[in-house]
Amino acid sequence: MNGMTSVPNAEYVPPARIFSTFKRHKLLIAGVTLVITAVSAAAISQLKPYYDATTTISVGTKQASFHDLQATLGTQDVDAVAINTQVGVLTSPAIALNVTRNLHLDERPEFRSILDKEPLPHRLKRALHLATASAPLSAHDRVLATSLLLMGHVKIINDGRSAIINVTARTPDASLSASIANAYAQAYFEFQRQNKIAAIRHASALLDEQLAPLRNRLFSAEQAVEQYQEQHGMIALQAGSAGQGDEAQNNAATTVASARLEQMNRELVAAQSDLMAKQSQYEQTLSAMHTGRLDSSPGSVASPLIQSLRSQQVQLNGRIASLNSTALDNNPELIAARAESARISAHIASETGKIAESSKHELDAARARVDQITQEMDTLQSRVTTENQADVKLRQLQSEATAARIVYRDYLGRLTQTSSEAALQEPEADLISAAQIPLGASGPPKARLGALVFILALGAGLGAALIKEKTRSNMRTLSEMEGTEIFGLGMLPLFSGTIREQFKARNSLYLSMSDAIRGMVSFRQSAVNEKVIVITSAEPAEGKTTFAVTLAASIGRRRQRALIIDCDARRPSLSNVIGLRDTASGLHHDVMPGVDVFILHPDPSDPLLLNIEEVESTVAKMRPIYDTIILDAPPVLVSPDAGLLAASGSPVVMVTKWHHTPTSAVKEALRVLRAYHARILGGVFSQVRLSELSPSEGGRLNSYSGYYSLSNS
């Protein structure tokens, strides 16, 4: 946008290039994968079987109170923190140590062999005399070390969604795994139970410590009440009935004076009632005496003697009445009857007088009794008033004593309850299922391990291929070539057969790419107006001679004349590449259509050195005849002849073997050529493997590959 072009990410590597890299290094990948897989498979086959046994525990079950005989199971009320806490308890070294001691695991061969095995670093130090032999472990240390080993064989798992905890033990012995898992559960239950018992005992100890001060406080409070009552003469009388509580008894309690005042009050009421009765009786007696009707007085009516005398008098009165009707007044019997009647009347009057006198005495006595009780009550009332004033302080002391008694009895009851509950404690967890002896081995999963190892080995092989590709120092692409300041003219595929066969074949990719390179060379050659081209390479066996023949044959296909001069005195290979049977020095005509070959005479002084004068003479002689003269020069880093040939000013084409020649070698060859002021026309990749090229590496070579093939037909 806005005239700006996007810059490709330098770190981005096309997937096709990655796959091409893997394909190119397939032998390395296969080798690394095979070696790692084989070694790992051998190690996996030696793995000993192990057995897993699992105990399932439900935590957070509240213990039902032993007072509630109907309750058999409490409810669950735990959160994630509480469950994680219980998981932490199960994974603690204390539980592992208890299990180790209970099962005597330090004597089991599964753990004893590990403890007796000397660590490799210590063995090496002892072998180098850098350490002495270790002293044997004590019995306690062996148990402790075994418990630490045991923790690595036990896995405690909670799924995070429930209060279920699974305890899984893994050992080479099936029965041992089950024993360890069950022992973990029992140790956990015992740990919880002992913790609760310890807490109860601690609470009992605290309560017991508080009882002595509370007992002393109660004793002091009750003693203060008694002393205060004695000091103020407030002797308490308990009116509460048996079986009543302290509070009821204290409310019913009163002093002697108060009790006496209440009694005197009741006596006064009784005395006053008696006085009123006596007063009424006396008044009735006096009224009977005044009216002459003594027989109607209450005393007369109630007296048996008077009633007997009245009965006699009635009989006598009857007899007198009878005699009055039959006898004269002087009748002795009548006179005697009248005299007896008078005597009885006098006797009745005498008895009635006595009754009246007795009634008066009783009235006086009743009145005196009322006066006496009234005086005593006045005295007691004064005393009770004084005691009531002191009762306020007494009630305060009694309240303090009552409070001390309640607190003391509460603590005493709680102490009794906690002491009885200590033996009834159960863990707040349930065993859902005990571990059973496994019927078969739980592992190791050799098939899965093998598959995993193969995947890892394949990944290692792919990584090795990527590392090798990343660290390679040779060149593969034209962009890498141009990074050395050499213009990339193109690539020539690797082919089978001879060069002649490639130029005879139809739809040959090699032929098409050679024509493309020839066109590029011709264009750049015309720019410098030079018929002579020097073909060289940085190192031997890079395909420079093959390229020289290819370029000449391509020029010949354009109905032009090309001459190849073999300038490699050390390793002349032009005859072999072109298939020339006659290797005599001199000019060989039409070795290929439009291509002649000139073989130089060896230098008489040194056959390994190029005769530069002969080359210059031959070039000067042949320049008018041929359209292009190609000098097949030796490698730059092997012989100085390439530099000498380039010093004449002829353009140089650098041939580089694809994915073989190090970049450093190409740069060093360029440095040597520049020392001779050589003009570098460009570079060509030879022996390119099409199957190992990615689209980004092949360039237009991949465009031709769909239409042409490398064949011998």
**OP:** Answer yes or no as to whether L309 is open to solvent by 60 Å² or more (accessible area, probe 1.4 Å), farther than 30 Å from D208 by Cβ, in contact with an Asp or Glu (Cβ under 8 Å, 6 or more places away or on another chain) and part of a helix (DSSP H, G or I).
**Re:** no
Original post:
How do the pairs read when you match residues in the range 621-644 that are without any contact (Cβ under 8 Å) to a residue 40 or more places away in the chain and over 10 Å from A562 (Cα atoms) with residues anywhere that are of a type in the set (V, I, T) and open to solvent by less than 70 Å² (accessible area, probe 1.4 Å), using Cβ under 8 Å and keeping only pairs 6 or more apart or on different chains?
Top reply: G643/V636; G643/V672; L644/I612
Subject >> Residue among A365, A342 that alone is in a helix (DSSP H, G or I), small (G, A, S) and within 30 Å of T326 (Cα to Cα) >> reply: A342
**OP:** May I ask you to verify whether F523 is out of contact with any helix residue (DSSP H, G or I) (no Cβ under 7 Å at 6 or more places or on another chain), of a type in the set (F, W, Y) and open to solvent by 10 Å² or more (accessible area, probe 1.4 Å)?
**Re:** yes
Original post:
Taking only pairs six or more apart or across chains, which ones have beta-carbon atoms under 6 Å, a first residue in the range 451-473 that is under 10 Å from I36 (Cα atoms) and in a helix (DSSP H, G or I), and a second residue that is open to solvent by 40 Å² or more (accessible area, probe 1.4 Å) and modelled with pLDDT of 80 or more?
Top reply: A457/I36; A460/I36
Original post:
Is there a residue being open to solvent by less than 20 Å² (accessible area, probe 1.4 Å) and either in contact (Cβ under 8 Å) with a residue 60 or more places away in the chain or not in a helix (DSSP H, G or I) (or both) anywhere in the range 225-232?
Top reply: yes
**OP:** Kindly indicate the residue of the range 444-502 that is open to solvent by less than 30 Å² (accessible area, probe 1.4 Å) and of a type in the set (V, I, T) and also farthest from F22 (Cα to Cα) among those meeting that condition.
**Re:** I499
Original post:
Is it fair to say S433 is farther than 30 Å from Q192 by Cβ and among the hydroxyl-bearing types (S, T, Y)?
Top reply: no
Original post:
On the given criteria, is S177 in contact with a Phe, Trp or Tyr (Cβ under 7 Å, 6 or more places away or on another chain), farther than 19 Å from Y408 by Cβ and either open to solvent by less than 40 Å² (accessible area, probe 1.4 Å) or modelled with pLDDT under 85 (or both)?
Top reply: yes
Original post:
If you take the residues of the range 649-676 that are open to solvent by 10 Å² or more (accessible area, probe 1.4 Å) and in contact with a helix residue (DSSP H, G or I) (Cβ under 8 Å, 6 or more places away or on another chain), which of them is modelled with the lowest pLDDT?
Top reply: H659
Original post:
Within the range 659-670, is there a residue that is touching a Phe, Trp or Tyr at 6+ places or on another chain (Cβ under 9 Å) and within 19 Å of D568 (Cα to Cα)?
Top reply: no
**OP:** Those residues that are in contact with a helix residue (DSSP H, G or I) (Cβ under 6 Å, 6 or more places away or on another chain) and open to solvent by less than 90 Å² (accessible area, probe 1.4 Å), I need them from the range 372-386; list them, please.
**Re:** I373, E376, M377, L380, V384
Original post:
How many residues does the range 588-599 hold that are open to solvent by less than 20 Å² (accessible area, probe 1.4 Å) and part of a loop (DSSP other than H, G, I, E, B)?
Top reply: 1
**OP:** Keeping to the range 503-520, report how many residues are closer than 19 Å to V684 by Cα, open to solvent by 10 Å² or more (accessible area, probe 1.4 Å) and of a type in the set (S, T, N, Q).
**Re:** 1
Subject >> Condition met for P634 (touching a helix residue (DSSP H, G or I) at 6+ places or on another chain (Cβ under 6 Å), surrounded by fewer than 22 Cβ atoms within 10 Å (Cβ to Cβ) and either closer than 28 Å to G579 by Cβ or not small (G, A, S) (or both)) >> reply: no
Original post:
What pairs come up if the first residue lies in the range 528-546 and is at positive phi, the second is of a type outside the set (A, V, I, L, M) and in a helix (DSSP H, G or I), and their beta carbons are under 8 Å apart, counting only those six or more places apart or on different chains?
Top reply: none
Original post:
Does L363 satisfy being touching a helix residue (DSSP H, G or I) at 6+ places or on another chain (Cβ under 8 Å), modelled with pLDDT of 75 or more, under 30 Å from E226 (Cα atoms) and among the aliphatic types (A, V, I, L, M)?
Top reply: no
**OP:** Could you look through the range 132-163, keep only residues that are in a strand (DSSP E or B) and surrounded by 16 or more Cβ atoms within 10 Å (Cβ to Cβ), and pick out the one that is modelled with the lowest pLDDT?
**Re:** N158
Original post:
Counting only residues that are closer than 30 Å to Q279 by Cβ, surrounded by 15 or more Cβ atoms within 10 Å (Cβ to Cβ) and hydroxyl-bearing (S, T, Y), how many does the range 335-357 have?
Top reply: 2
**OP:** Please state which of the following conditions V577 fails to meet, knowing it meets all the rest: (1) in contact with a Lys or Arg (Cβ under 8 Å, 6 or more places away or on another chain); (2) open to solvent by less than 80 Å² (accessible area, probe 1.4 Å).
**Re:** (1)
Subject >> Residues of the range 366-380 that turn out to be free of Cβ contacts under 8 Å to residues at least 40 places away in the same chain and under 27 Å from Q284 (Cα atoms), as a count >> reply: 3
**OP:** Could you tell me which residue of the range 316-334 is farthest from the chain's Cα centre (by Cα), considering only residues that are closer than 25 Å to L305 by Cα and exposed (fewer than 14 other Cβ atoms within 10 Å of the Cβ)?
**Re:** A321
Subject >> Checking S92 against (1) modelled with pLDDT under 80; (2) farther than 29 Å from G459 by Cβ; (3) not aromatic (F, W, Y), the condition it does not meet >> reply: (1)
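The values are calculated or read from the model by the stated rules, or taken from the named source; none is laboratory data. Note that the structure is predicted; figures quoted are calculated from it, not measured. Because the Cβ atoms are built from the backbone with ideal geometry, glycine has one as well, and the counts that use them run over all protein chains shown. Please note that ligands, DNA and RNA were not included when accessible areas were found on the heavy atoms of the full protein model with its side chains. Shrake-Rupley method; radii C 1.70, N 1.55, O 1.52, S 1.80 Å.
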